[in-house]
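The values are calculated or read from the model by the stated rules, or taken from the named source; none is laboratory data. Because the structure is a prediction, the values reported are computed rather than measured. Using ideal geometry, Cβ is built from the backbone for each residue, glycine included, and neighbour counts are taken over all protein chains shown. Surface accessibility is based on the protein's heavy atoms, side chains included, excluding ligands, DNA and RNA. Shrake-Rupley method; radii C 1.70, N 1.55, O 1.52, S 1.80 Å.
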Amino acid sequence: MAESIALTEAVYCILLSLITPLHGYGIMQKTEQMSGGRVRLAAGTLYGALNTLCDKGWIEELPIQAGSRKKEYVITGTGRTALVNELNRLKQLAAAGEEILK
């Protein structure tokens with residue numbers, strides 16, 4: 001079951017980037033692009049986050065293709081649930097802010 005906790009922007013972007021399978025460098029690029037440059041993941045930070053997300057069951061490592069050295073990862077159903085929960089939380093926060101500030 002996906003925890004209902006606030007995700008960091010980096011974790012949110014990593015999970016979003018893994019809707020389709022990607023390797024580490026691809027995740028770094030997509031995360032930076034998606035965040036408008038706010039989130040720049042160093043290799044150590046990324047691989048630490050990937051290990052944690054694998055341990056939680058939110059993402060999984062795909063089998064390495066023959067002739068390739070690149071590990072690819074993809075989001076799991078549990079990770080997708082965590083991502084949807086976070087999106088709903090962010091929508092509620094944005095709606096409250098818009099209501100108060102209008």
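Residues in the stretch 1-60 that are in contact (Cβ under 8 Å) with a residue 40 or more places away in the chain, closer than 22 Å to residue 91 by Cβ and polar (S, T, N, Q): 4 alone. Could we say that residue 51 is out of contact with any strand residue (DSSP E or B) (no Cβ under 6 Å at 6 or more places or on another chain), among the polar types (S, T, N, Q) and more than 14 Å from residue 11 (Cβ to Cβ) here? In short, no. For the stretch 44-72, name all the residues that are more than 15 Å from the chain's Cα centre (by Cα) and of a type in the set (A, V, I, L, M). Matches in the stretch 44-72: 62, 64, 66.
Looking only at residues in the stretch 25-80 that are more than 19 Å from residue 6 (Cα to Cα), of a type in the set (D, E, K, R) and not in a helix (DSSP H, G or I), the one that is least open to solvent (accessible area, probe 1.4 Å) is 72.
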